[in-house]
Amino acid sequence: MKSILLLFSIFFSTACFSQESLSTANGKIIVDIFMDGYQAGDTLKMKSVMHQNMTMQRAYLNKEQENILIYIQSSDLLKYASTTGKEQIWEEKLADYIVNSDGNVAHVWASYEFFKDGKFSHCGAISFTLVYTDESWKILNIIDSIRIGSCNKE
């Protein structure tokens, strides 16, 4: 009887303290919700998958070929999306999603192409770090790269 009680206790405690790792399909869904909200200027949609302490960075080479890293506050990103998303037509097409996770941390990597008013502007890669919270998976950090003129576009 003690053995059965011990096994039950181990099973129950394991079930209580574990969560599913982030699947590729679910990682893509979370990122797509964020990107759809971003492109539509829908900050409520964006916030639904954002961690309250989300951060963002952007890395690129400037015209002088210097490496630049800028930090963007989530409040500035939301403000930009809510105003610019309604003034311009732009689309960021993500492809080749790669999702990795371990416990309550996950990573989604994708290449992208950015179009402004229907015309190709630039490309790069975007990386999302997600954490599992009491609610669900949330985006904790975003970093993207920008490449202009080296995207092999025809």
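The values are calculated or read from the model by the stated rules, or taken from the named source; none is laboratory data. Computed from a predicted structure; not experimentally measured. Cβ: placed from backbone, ideal geometry, glycine included. Neighbour counts: every protein chain shown.
A few comments on the model shown:
- If you go through the range 112-147 and keep only what is surrounded by 15 or more Cβ atoms within 10 Å (Cβ to Cβ), in contact (Cβ under 8 Å) with a residue 60 or more places away in the chain and of a type in the set (V, I, T), you end up with V131, I139, I142, I143, I146.
- Residue that is farthest from the chain's Cα centre (by Cα), among those in the range 25-53 that are of a type in the set (S, T, Y) and closer than 25 Å to D117 by Cα: T43
- Among the residues making up the range 28-61, a single one is modelled with pLDDT of 95 or more, closer than 17 Å to S145 by Cα and hydroxyl-bearing (S, T, Y): T55.
- For the range 40-55, filtered to residues that are hydrophobic (A, V, I, L, M, F, W, C) and out of contact with any Ser or Thr (no Cβ under 6 Å at 6 or more places or on another chain), the residue that is surrounded by the most Cβ atoms within 10 Å (Cβ to Cβ) is M46.
- Of all residues in the range 78-89 being in contact with a Ser or Thr (Cβ under 8 Å, 6 or more places away or on another chain) and in contact (Cβ under 8 Å) with a residue 40 or more places away in the chain, the one that is surrounded by the fewest Cβ atoms within 10 Å (Cβ to Cβ): S82
- W109 being under 25 Å from S21 (Cβ atoms) and free of Cβ contacts under 8 Å to residues at least 40 places away in the same chain: yes
- Residues in the range 62-91 that are at pLDDT 90 or above and in a strand (DSSP E or B): N67, I68, L69, I70, Y71, I72, Q73.
- Scan of the range 92-111 for residues that are in a loop (DSSP other than H, G, I, E, B) and either loosely packed, with under 12 Cβ neighbours inside 10 Å or out of contact with any strand residue (DSSP E or B) (no Cβ under 8 Å at 6 or more places or on another chain) (or both), ordered by number: G103
- Looking across the range 113-151 at every residue that is among the basic types (K, R) and farther than 19 Å from A59 by Cα, the one that is farthest from the chain's Cα centre (by Cα) is identified as K119.
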